[in-house]
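Peer 1: Mind looking over this structure? Questions follow.
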Amino acid sequence: MQKYKNVVDKIRLIYNEPNDFIPMHAPVFIGNEKKYLEECIDSTFVSSVGKFVDRFEEMMADYTGAKNAVVCVNGTNALQLALLLVGVEREDEIITQALTFIATANAISYCGAHPVFLDVDKETMGLSPGAVENWLQDNAVLKDGACYNKNTGRRIKACVPMHSFGHPVRIDELIAVCEKYYIEIVEDAAESLGSYYKGKHTGTFARVGILSFNGNKTITTGGGGMLLFNDEELAKRAKHLTTQAKIPHVWEFAHDEIGYNYRMPNLNAAIGCAQLEKINKILESKRNIAKAYKEHFSDSTIEYFDEPKECRSNYWLNAILLANKEERDAFLKFTNENGVMTRPIWQLMNRLPMFKDCQTDDLTNSKWFEERVVNIPSSVKLISC
Ligand SMILES: Cc1ncc(COP(=O)(O)O)c(C=O)c1O
């Protein structure tokens with residue numbers, strides 16, 4: 001138990017919190033949040049029309065380098081919409097990783113599509129280009145410029161890699177594999193605002209990517225999401241779909257397809273603008289915390305999961321690897337009983353009742369991570385540690 005106690009002591013030292021509960025990831029409000037909220041209320045523009053909605057989109061496109069950004073009510077809805085925008089239809093198959101947060105798989109299901117759960121890489125904890133290529137070689141046939149699963153007969157339309165805990169996947173290799181099979185990539189960058197792969201922001205590699213601003217994310221809008229585009233026409237269509245597919249007109253109610261009420265309210269966007277103004281400070285603090293953890297675990301039997309090569313991670317949630325499941329469970333029990341929040345990585349999606357019949361590959365690395373990975377407190381703390 002001494003080595004677990006050393007971890008608890010280190011976390012308490014980093015957060016300068018000798019006795020109280022330490023959460024996994026608390027938001028920080030260190031800028032203009034209250035000022036902008038007041039402006040919203042004074043203006044009466046609290047709903048989905050308002051200057052902060054447009055400003056947040058412009059700021060995010062500028063920050064990430066995406067051509068266009070379109071706000072959404074949350075990351076899950078942004079992902080559902082992203083899939084629809086690249087042409088996913090009912091009964092299509094969508095490749096993703098088994099080791100992900102449930103929202104990735106749920107968004108696929110909202111489209112009436114079938115997730116296929118493949119393995120992750122050991123270096124990134126994200127979807128493996130090798131696993132995707134192997135699975136496609138064994139299961140896919142190409143016909144008339146589309147890819148089909150030769151066992152189910154269903155079209156394989158898209159692939160959703162996810163940058164786990166902010167660590168970028170090998171996105172260029174995934175794009176190269178998917179291009180050969182006419183498969184669209186939708187990047188689930190919900191966890192990776194501020195993370196870069198080979199100098200380019202995550203979520204901007206394919207035609208569309210998404211971000212989340214849930215309360216536990218690097219920056220928050222309370223609840224919210226964003227679609228990132230390199231395709232202006234697709235961005236226009238996204239805005240149309242998120243606003244009930246209403247054809248702009250001063251007084252007419254004309255709608256040309258089934259749309260969604262998915263546009264982020266101005267109140268949330270006001271918080272988003274204030275948060276994004278402080279992102280560099282937030283990311284700097286997160287890297288300092290990651291550095292302190294890295295040093296602590298460098299002479300421990302517990303391994304620290306570091307950013308992959310050629311990547312700059314936002315270190316959204318710090319992850320460590322215990323020796324095996326028994327050690328993992330003992331560590332979780334000790335830390336939580338001692339007021340320090342820790343939690344295991346997600347259960348593999350194919351273990352959940354609603355996804356138990358989905359196709360998978362052998363998931364060797366995913367199972368290995370599932371038994372070992374624990375997240376430790378990762379909130380921003382504006383101190384040097
Ligand atoms: C990987 C992943 N995808 C999608 C989402 C969905 O985002 P939201 O909670 O904003 O709906 C989240 C986070 O919550 C996530 O971690």
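The values are calculated or read from the model by the stated rules, or taken from the named source; none is laboratory data. Nothing here was measured: the structure is a model prediction, and the numbers come from that model. Here the Cβ is made from the backbone with ideal geometry for all residues, glycine too, and neighbour counts use every protein chain on show.
Peer 1: If you check SER378 against the conditions, is it among the small types (Gly, Ala, Ser), touching a strand residue (DSSP E or B) at 6+ places or on another chain (Cβ under 6 Å) and either part of a loop (DSSP other than H, G, I, E, B) or buried (at least 20 other Cβ atoms within 10 Å of the Cβ) (or both)?
Peer 2: Details: among the small types (Gly, Ala, Ser): yes; touching a strand residue (DSSP E or B) at 6+ places or on another chain (Cβ under 6 Å): yes; either part of a loop (DSSP other than H, G, I, E, B) or buried (at least 20 other Cβ atoms within 10 Å of the Cβ) (or both): yes.
So SER378 passes the test.
Peer 1: Just a yes or no: is a residue in segment 119-141 in contact with an Asp or Glu (Cβ under 9 Å, 6 or more places away or on another chain), assigned to a strand (DSSP E or B) and of a type in the set (Phe, Trp, Tyr)?
Peer 2: No, segment 119-141 contains no residue that is in contact with an Asp or Glu (Cβ under 9 Å, 6 or more places away or on another chain), assigned to a strand (DSSP E or B) and of a type in the set (Phe, Trp, Tyr).
Peer 1: With the checklist (1) crowded, with 24+ Cβ neighbours inside 10 Å; (2) touching a helix residue (DSSP H, G or I) at 6+ places or on another chain (Cβ under 8 Å) in hand, flag the one item PRO129 doesn't pass.
Peer 2: Of (1) crowded, with 24+ Cβ neighbours inside 10 Å; (2) touching a helix residue (DSSP H, G or I) at 6+ places or on another chain (Cβ under 8 Å), only one is false for PRO129: (1).
Peer 1: Would you mind telling me which numbered condition in (1) over 19 Å from VAL373 (Cα atoms); (2) touching a residue at least 24 places away in the same chain (Cβ under 8 Å); (3) of a type outside the set (A, V, I, L, M); (4) part of a loop (DSSP other than H, G, I, E, B) LYS281 fails?
Peer 2: (4)
Peer 1: Okay, moving on. Does GLY215 meet the test of being within 13 Å of the ligand (Cβ to nearest atom) and surrounded by fewer than 20 Cβ atoms within 10 Å (Cβ to Cβ)? It would help to see each step written out before you state the result.
Peer 2: Numbers: within 13 Å of the ligand (Cβ to nearest atom): yes; surrounded by fewer than 20 Cβ atoms within 10 Å (Cβ to Cβ): yes.
Criteria met by GLY215.
Peer 1: Suppose the filter is more than 13 Å from the ligand (Cβ to nearest atom), of a type in the set (A, V, I, L, M) and part of a helix (DSSP H, G or I); does LEU79 pass it? Steps first, please.
Peer 2: Numbers: more than 13 Å from the ligand (Cβ to nearest atom): no; of a type in the set (A, V, I, L, M): yes; part of a helix (DSSP H, G or I): yes.
Answer is no for this residue.
Peer 1: Step by step: first the residues of segment 198-212, then only those that are surrounded by fewer than 24 Cβ atoms within 10 Å (Cβ to Cβ) and not in a loop (DSSP other than H, G, I, E, B), then the one that is nearest to the ligand (Cβ to nearest atom). Which residue is that?
Peer 2: Looking at residues that are surrounded by fewer than 24 Cβ atoms within 10 Å (Cβ to Cβ) and not in a loop (DSSP other than H, G, I, E, B), I get HIS201.
Peer 1: Then there is this: So which residues in segment 108-141 are of a type in the set (A, V, I, L, M, F, W, C), within 16 Å of the ligand (Cβ to nearest atom) and either without any contact (Cβ under 8 Å) to a residue 40 or more places away in the chain or not assigned by TED's automatic domain parsing to the domain that holds VAL169 (or both)?
Peer 2: Across segment 108-141, the qualifying residue is only CYS111.
Peer 1: Let me ask you something else. Quick test for you: out of CYS147, CYS159, pick the one residue that is in a strand (DSSP E or B), more than 30 Å from LYS34 (Cα to Cα), within 16 Å of the ligand (Cβ to nearest atom) and not basic (Lys, Arg). Write out each step before concluding.
Peer 2: Working: CYS147 fails: within 16 Å of the ligand (Cβ to nearest atom).
None of the others qualify; the one that does is CYS159.
Peer 1: I'm trying to understand the selection: among the residues of segment 20-50, which are more than 22 Å from ASN268 (Cβ to Cβ) and at pLDDT below 95?
Peer 2: Those that are more than 22 Å from ASN268 (Cβ to Cβ) and at pLDDT below 95: none in segment 20-50.
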